[in-house]
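Let me begin by presenting the structure, written as structure tokens, before commenting on it.
The values are calculated or read from the model by the stated rules, or taken from the named source; none is laboratory data. Quantities reported herein were computed from a predicted structural model and do not represent experimental measurements. Cβ atoms come from the backbone with ideal geometry, glycine included; neighbour counts cover every protein chain shown. Quick note on the areas: whole protein, heavy atoms, side chains included, nothing else; ligands and nucleic acids left out. Shrake-Rupley method; radii C 1.70, N 1.55, O 1.52, S 1.80 Å.
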Amino acid sequence: MATAAPITGTPGTPGTPVLADLLPRATTRLGGQVRELALVAGGAALTGLAAQLSVPVPGSPVPVTGQTFAALLVGTALGARRGVASLGLYLLAGMAGLPWFADGTSGWTMPSLGYVLGFVLAAGLTGALARRGADRSPLRTAGAMVLGNLAIYAVGVPYLAAALHVPLAEAADLGLYPYLVGDALKAVLAMGALPLAWKLLGRTR
């Protein structure tokens with residue numbers, strides 16, 4: 001059997017629930033463990049699926065994909081602990097050979113791997129912010145998405161520079177500036193989607 005997860009805490013405190021906490025909660029310890037594993041694996045699978053929505057950027061080894069948006073949503077919806085576990089699973093399974101990085105690739109030698117490493121950091125950050133109610137209003141959601149993207153670039157761009165043996169400024173030209181407009185559009189989408197999800201569930205502030 002499963003029961004609805006109790007809603008504890010108030011927005012703005014570390015105890016604030018995230019969207020995943022609203023799912024039915026198992027009544028047994030084993031059931032709870034299965035539920036947690038399913039959430040983690042589901043977030044990784046969603047990111048892998050979104051990674052296949054890929055558009056190459058001329059002159060750059062980093063394509064535009066849906067995985068960045070998925071990683072940020074997974075972190076926000078699952079919370080920091082589950083989000084880090086989910087994106088960590090995505091990273092490790094892809095490095096081990098599961099072809100669910102962008103364009104069905106896998107491994108650990110691609111110059112864009114730093115962005116996937118950044119997904120883990122970003123999921124933890126956005127998940128922690130969601131625990132403080134950052135996904136309840138459009139402006140705070142946008143702020144969380146911006147900070148999550150910054151975390152991804154903070155890892156991805158230096159990694160790209162090291163992998164390609166180019167200066168950091170050139171790596172930014174290749175792997176940062178061409179993506180800012182798309183990131184802004186994704187933030188706008190999240191601004192509408194996440195607060196709306198809470199509103200529909202009757203869990204607004």
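Sort through GLY148, GLY133 and tell me the only one that's under 18 Å from LEU78 (Cα atoms) and not in a helix (DSSP H, G or I).
GLY133
Mind telling me which of the residues LEU117, LEU129, LEU113 ends up being within 14 Å of GLY156 (Cβ to Cβ), open to solvent by 40 Å² or more (accessible area, probe 1.4 Å) and within 18 Å of the chain's Cα centre (by Cα)?
LEU117
So, in the range 68-96, exactly how many residues are in contact (Cβ under 8 Å) with a residue 40 or more places away in the chain, within 23 Å of ARG136 (Cβ to Cβ) and in a helix (DSSP H, G or I)?
Qualifying residue count for the region: 17.
I'd like to verify a number: residues in the range 148-173 that are open to solvent by 40 Å² or more (accessible area, probe 1.4 Å) and within 22 Å of the chain's Cα centre (by Cα), how many?
Qualifying residue count, the range 148-173: 5.
Return yes or no: is THR141 crowded, with 20+ Cβ neighbours inside 10 Å, touching a Pro at 6+ places or on another chain (Cβ under 8 Å) and within 20 Å of GLY182 (Cβ to Cβ)?
So THR141 passes the test.
If a residue has to be touching a helix residue (DSSP H, G or I) at 6+ places or on another chain (Cβ under 6 Å) and outside any loop (DSSP other than H, G, I, E, B) to count, how many in the range 99-130 make the cut?
17
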